[in-house]
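Every read-out reported here was derived from the displayed coordinates using simple, explicitly stated rules and does not represent laboratory data. These numbers come from a predicted model, not from an experiment. In this analysis, Cβ positions are derived from the backbone assuming ideal geometry, glycine residues included, and neighbour counts consider all displayed protein chains.
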Amino acid sequence: MKFTVCLCCILIAVSSKAQEIYQFKQIACNFPEVKECTYDKLLGETLSVKLEQFRQVYTKNVNCGPPSYTASLEIRKPDLYYSIEKLTHHFRKCKRKETLSQEKIEKDMVDIINKSIVIFNQETDSIEEELRQANNSEEIIGVFDRIVIQ
């Protein structure tokens with residue numbers, strides 16, 4: 001009997017942690033202007049532009065200086081960045097297999113990308129930790145679904 005009660009308490013604690021809602025304040029952020037971007041035939045023009053905006057926010061070209069003048073790419077908040085890249089790959093696959101419509105893909109991805117751009121300058125350690133532990137695209141989408149912008 002005691003074992004069952006303890007097990008129930010542990011399961012409740014674990015499930016409440018997994019369903020944490022992340023609330024962020026709407027901070028005025030500038031969505032970067034996209035002058036040119038690589039058009040993705042599978043995702044369409046709207047998502048191609050949104051992904052380019054996302055990449056402009058989350059990456060920075062760093063010039064190392066002498067003796068090596070090759071620029072390297074610095075990724076800020078890599079857990080968020082790579083989660084979006086995984087979702088992009090997932091939605092490309094869904095479009096190729098025609099398991100999701102273009103409208104559904106655009107709606108979901110634009111919402112996720114907008115959230116990731118808005119929270120870029122805010123404290124996101126708990127989200128990054130959860131994204132690091134996510135095993136598949138559905139779990140990543142679940143994390144972004146629990147982000148609320150006020």
Starting from region 86-103, keep only residues that are free of Cβ contacts under 8 Å to residues at least 24 places away in the same chain, then list their pairs with residues that are surrounded by 15 or more Cβ atoms within 10 Å (Cβ to Cβ) and in a helix (DSSP H, G or I) whose Cβ atoms are within a distance under 8 Å, requiring at least 6 positions of separation or different chains.
94/105; 100/91; 100/94
Being surrounded by 12 or more Cβ atoms within 10 Å (Cβ to Cβ) and closer than 15 Å to residue 25 by Cβ is the filter here, so list the residues in region 122-135 that pass it.
122, 124, 127
Report yes if some residue within region 56-76 is in contact (Cβ under 8 Å) with a residue 24 or more places away in the chain and acidic (Asp, Glu); otherwise report no.
no
Filter region 112-150 for residues that are part of a helix (DSSP H, G or I) and hydrophobic (A, V, I, L, M, F, W, C) and give the result.
112, 113, 117, 118, 127, 131, 140, 141, 143, 144
Could you say whether any residue in region 80-89 is under 19 Å from residue 22 (Cβ atoms) and either exposed (fewer than 11 other Cβ atoms within 10 Å of the Cβ) or among the small types (Gly, Ala, Ser) (or both)?
yes
Of residues in region 59-93 being among the acidic types (Asp, Glu) and assigned to a helix (DSSP H, G or I), the one nearest to residue 147 (Cα to Cα):
79
